[in-house]
Amino acid sequence: MTTLLEITDLSVDYGEGAGSTHAVNHVSFALEHGEFVGLVGESGSGKSTLGFAVTGLSKPPAHVVGGSILLDGIDIASLSQGDLREQRHGGVAMVLQSGMNALNPVRSIRNHFVDIFRAHGHIDRADWSSRAEELAAKVELPSSVLDRYPGELSGGMRQRVSIALALSLEPKLMVFDEPTTALDVLVQHAVMDTIIELQKKENFTALLISHDLGIVLESAERVLVMHEGEIVEDAPSRQILENPRDDYTRMLLSHYADPRAEVVELPGFEARTPTVSSRTRRQDQKAIVVDHVSKVYPAPRRGEPQVTAVDDVSFTLEPGQSLALVGASGSGKSTLAKLITAVEKPSAGSVRFGDLDVGALRRGQFRQLHRDVQMVFQDPYAALNPLHTVEYTLTRPVVNFTGLKGLDARRRVLELLDTVGLSPVEEFAAKLPHQLSGGQRQRVVIARALASNPQVIIADEPVSMLDVSLRAGVLALLEDLREQWGVSLLYITHDLLSARVVTDNIMVLNGGRVVERGNTAEVLRNPSDEYTIRLLDAIPNPGRRDVA
Amino acid sequence: MTSVTIAPGSADISAAPRIAGSGRGRAWGYVARKAGLLLLTLWAAITLNFILPRLMPGSPADAALAKLAQNGPVSEGTKAAIEAQLGVPTGNILEQYVAYLHQVITLDFGVSYTFYPQSVSELVSTALPYTLVLVGVVTIIAFVLGTLLGVLAAWKRGTWLDTLPTLAGSFASAFPYFWTALLLLFFAGYVGRLFPTSGAYGPTASPQFTIGFLGDAIYHAALPALTILITSLGGWILGMRNTMISTIGDDYVTFAEANGLKPRTVALRYAARNAILPNLTSFGLALGGVVGGSILVERVFGYPGIGYLLFNAVTNQDYPLMQALFLMITVSVLIANFLVDILYGVLDPRTRR
């Protein structure tokens, strides 16, 4: 093999002078022709900055301050804009993180291809159509997508189109920056399969940037681990998996486990003993009873069928119990959460909390329910008002639900911060959301949910936006709340591993119906429904590449 | 009223839930829907214009009689004559409504009080061309020019192509209309004697379609046109620049660059093409406002357009003229919005659903 890309002593800074930060710090590595290499790291590790530097797309305030990026002996960092543009045919191509938004909403897919063909002139005008169809076929799309606009395609299809567009440049090197992060689990699995197959067939060199060590390990031959702007480990996948050298790599690996295993342990989690579950120390705690509930939405447009989001679902969330609701997107799990919190009314059936009929509540009566049933949202970045301090955010529900005022309210706010492990509490109370990390923000969201001293917490994908190393902490907090305060937990997720560690019971939803339910460990170890098996198979499996 | 046709081939994309129909059927469905909405709002506006004056106490005839009564007693005959002349409504409300609709459709809005005995339609049709040409043409020029400058400013962000137009634009639009008008009037009209200071054409000319008259009209329109251009250009530059800067940061622009498209293609077909969409709404509102004229500018320059007419109608309590003008302004705003909606449908495939 010969070297395609050689990076020597590369540094990229954000900003200039005293206020600048080193995003990429003296990094050196090389890629051989035809290699599939993974670049893994958590948010802020500099992996995307590095990816943008390699593709010559660094934009202010980011700028290369030192080192060289040699592609076939040509330094990309020193090329003029014009030369850089021309080398994009037969050079480096990139597939962006949020491929969903990588397509121009007002241009048809065909025109996206035409724009590239016209810019580089590498395809005869007469062959434009057939070449576009051929490229679509390579990513397993029918040629009819060419006449569609991006808004008419699903997320997975849009990401496939992005890949086909990048491929139309006949690149030597393809940089995939988190290509499947925004996609649904099952779709993610299928798109990764396509990428792996394409790389083998088309024989380009691939650099896969991801926060998910699992995805990287199952597709790449070699893995670069990045931490705080530096590459801390560079080794073949097998060696990373079996014999990691660096502490950081080891820490990342420790957060992976197979939810099907007999014993599942994560940092901060002992293996579960399922008998603890149904006990509760609280008096008068009520169950949530969902009885033959359906939710039908009207057709999105005339002439289309109506949408049944939830289809005849029944279950009971016992006091102090933890129940997982799992399924891919569109399975109806979030709609169920809305029905339980009275955001939506059921089309049929009933939701009861104790003797309260949730579906029959009117606007003025919501407080009776929300005092006891609180919600933790998926996106901690969007769930907090950026203009309000943590103290203000927490004081509002404390005053509204408990009637505490002044010093008493403040004492309660500090107590809540202590409960969710944000100390020193006084310091955190004064902070604004942008001064907190994702994990800290999610703790504030949980503290807000606890302000009314609720009996039930509904957590909708509470850790899916967080870095792996922060997930365990937030999950452990939810588990603690249940054990210490007897809060019942309805845990909504697509992530079967986290479901395995925080819940005792599980329900698998598909197309609005419950397809499987039971004890979490038993269901995951011996799934009987085909859909559950597909979900389990979609979990990145580090051994997959070797088998294939 | 919509007909959805399913394009051939859509069935084999199993994983695409959002695909409805496409092609001509859907496009006409969209136009038909918008046209239906236009007719509905038109009818509502016309009806409101009928109802509102009838909810107000008193009538124009009462006002005229009260004025006469100050000079002595008014005889029954005079009263009847005035009422007949001003068209005090007769019959029940439904008959009045039908008569009113008939008047609206035949554009018969009665006789103006101020310019008695000229009919309202006559006055409006004389003033309308001046306003349409002056304010309309200038509004379109300002939008096109401002948008182009905005695109350039955003694309060359931080260079003099950005700072100069944005600074000058915000500076000029910070002046009130009449102040800019007065400055131009004083320096270009009075001191410099470059342009005439009032009227739509010279004292010797009379309105006709000859090269000579058109030249004279353009010469007279120069100062008011410049006033409107100077004060409105900045808004278009800033609006386009700001939306364009946000689309430049969007992923599809980065991806287009990553694919090595020509900078011109990226700037125009990717960034600007999307950035212009929100500005179309403002453009629609501005176009709708054209017919209302530019009261201050027309007043300062004594320009005989709709704005000037409206000013006279309001100061002289000329009810028939006011009612006709208000109705016309409402209708033109609705029509402008309809046209912008159609334009949106052409430019943005997401709205065609």
Legend entry - Linear extension gain, A:Glu427 paired with A:Asp357, 0.36 nm per residue minus alpha-carbon span: 21.0 nm
Inset, instruction - Figure the gain on full extension for B:Trp28 and B:Ile211 (residue separation times 0.36 nm, minus the Cα-Cα span) and round it to one decimal in nm. - result: 61.7 nm
Legend entry - Euclidean distance between Cα centres, region A:165-219 to region B:275-295, Å: 47 Å
Inset, instruction - Towards the positive end of the charge dipole of chain B, with charges on Cβ (+1 Lys, Arg; -1 Asp, Glu), say which of B:Met322, B:Leu65, B:Ser246 has the farthest Cα. - result: B:Ser246
Inset, instruction - Report the accessible surface area buried between chains B and A, summing both sides, using a 1.4 Å probe on protein heavy atoms only, in Å² rounded to the nearest 100. - result: 3400 Å²
Legend entry - Rough spin-label spacing in nm, given labels placed 7 Å along Cα→Cβ, for A:Asn385 and B:Leu132: 5.1 nm
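Which order do A:Met507, B:Met56, A:Met375 take by accessible area at a 1.4 Å probe, largest first? Kindly include the intermediate steps, with their values, before the conclusion.
Working: A:Met507 5, B:Met56 110, A:Met375 35 Å².
Output order, biggest surface exposure first: B:Met56, A:Met375, A:Met507.
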Legend entry - Summed side-chain charge close to B:Tyr130 - residues other than B:Tyr130 whose Cβ falls under 15 Å, Lys, Arg +1, Asp, Glu -1: -2
Inset, instruction - Quickly work out the B:Ala66-to-B:Ala188 label distance, labels modelled 7 Å from Cα along the C-beta direction, and quote it in nm with one decimal. - result: 4.5 nm
Legend entry - Listed residues B:Gln208, B:Gln96, B:Gln317, most fluctuating in chain B (Gaussian network, C-alpha, under 10 Å): B:Gln208
Inset, instruction - Calculate the translational D of region B:120-352 in whole µm² s⁻¹ from Stokes-Einstein, where the hydrodynamic radius comes from the Kirkwood formula applied to all Cα pairs, the temperature is 37 °C and the viscosity 0.692 mPa s. - result: 168 µm²/s
Inset, instruction - Mind checking which of B:Phe143, B:Asn312, B:Leu164 is farthest towards the positive end of chain B's charge dipole, using Cβ charges of +1 (Lys, Arg) and -1 (Asp, Glu) about the Cα centre? - result: B:Leu164
Legend entry - Entries of A:Lys138/A:Lys200; A:Lys59/B:Lys262; A:Lys338/A:Lys431; A:Lys138/B:Lys262 with Cα pairs more than 19 Å apart: A:Lys338/A:Lys431; A:Lys138/B:Lys262
Inset, instruction - May I ask you to give the percent of accessible area on chain B that is carbon plus sulfur, with a probe radius of 1.4 Å? - result: 69 percent
Inset, instruction - Might you tell me the accessible area per residue for the protein assembly as shown, computed with a 1.4 Å probe and given in Å²? - result: 46 Å²
Legend entry - Accessible carbon and sulfur surface of region A:3-238 relative to its total accessible area, %, 1.4 Å: 47 percent
Inset, instruction - Rounded to the nearest 500, what is the 222 nm mean residue ellipticity of the protein assembly as shown from helices alone, with -39500 (n - 2.57) per DSSP H run of 4+ residues and division by all residues? - result: -14500 deg cm²/dmol
Legend entry - Gain in span if fully extended, B:Ser246 to B:Asn316, counting 0.36 nm per residue against the direct Cα distance: 20.3 nm
Legend entry - Förster radius 30 Å - calculated FRET efficiency between B:Arg264 and A:Leu70 (Cβ-Cβ, nearest 0.05): 0.50
Legend entry - Largest-first ordering by accessible area, 1.4 Å probe, given options A:Asp234, A:Asp147: A:Asp147, A:Asp234
Inset, instruction - Would you please give the FRET efficiency between A:Arg250 and A:Ser437, computed as 1/(1 + (r/R0)^6) with r the Cβ-Cβ distance and R0 = 30 Å, to the nearest 0.05? - result: 0.90
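I'd like the projected area of region B:104-227, averaged over all directions, using the convex hull of its alpha carbons. Report it in nm² with one decimal.
Spelled out: convex hull of the Cα atoms, projected over all directions, averaged, 11.6 nm².
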Inset, instruction - Could you state how much accessible area A:Arg517 has, in square angstrom rounded to the nearest 10, with a 1.4 Å probe and all protein chains kept in place? - result: 120 Å²
Legend entry - Dipole moment magnitude, nearest 20 debye, region A:3-238 about Cα centre, only Lys, Arg, Asp, Glu C-beta charged: 780 debye
Inset, instruction - For an R0 of 41 angstrom, estimate the FRET efficiency from the Cβ-Cβ distance between B:Met56 and B:Ser282 and round to the nearest 0.05. - result: 0.80
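Where both residues lie in the protein assembly as shown, what percent of DSSP beta bridges are antiparallel, nearest 5?
Bridges in the protein assembly as shown that DSSP calls antiparallel: roughly 55 percent.
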Inset, instruction - Taking 7 Å along the Cα-to-C-beta vector as the label spot, tell me the A:Val296-B:Val346 distance in nanometres, rounded to one decimal. - result: 4.2 nm
Inset, instruction - Under 14 Å from the Cβ of B:Leu164, count the other residues' Cβ atoms, weight Lys and Arg +1, Asp and Glu -1, and hand me the total. - result: +2
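State the percentage of accessible surface on region A:370-451 attributable to carbon and sulfur atoms; use a 1.4 Å probe and exclude ligands, DNA and RNA. Don't skip to the answer; put the middle values down first.
Values: 2050 of 3870 Å².
Using a 1.4 Å probe with all protein chains present, region A:370-451 comes out at 53 percent carbon and sulfur.
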Inset, instruction - Mind ranking A:Ser80, A:Ser350 by accessible surface for me, highest first, 1.4 Å probe? - result: A:Ser80, A:Ser350
Inset, instruction - Would you mind working out the magnitude of the charge dipole of chain B relative to its Cα centre, with +1 at each Lys and Arg C-beta and -1 at each Asp and Glu C-beta, to the nearest 20 Debye? - result: 1200 debye
Inset, instruction - Run the dipole for chain A about the Cα centre, Lys and Arg Cβ at +1, Asp and Glu Cβ at -1, nothing else charged, and hand back the magnitude in debye, nearest 20. - result: 2240 debye
Legend entry - Residue (of A:Gly38, A:Ile74, A:Ser58) at the positive-pole extreme of region A:1-120, dipole from beta-carbon charges: A:Ser58
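The values are calculated or read from the model by the stated rules, or taken from the named source; none is laboratory data. Since the structure is predicted, the reported quantities are computational estimates derived from the model, not experimental observations. All Cβ positions, even for glycine, are placed from backbone atoms using ideal geometry, and neighbour counts span all protein chains on display. For accessibility, only protein heavy atoms count, side chains too; no ligands or nucleic acids. Shrake-Rupley method; radii C 1.70, N 1.55, O 1.52, S 1.80 Å.
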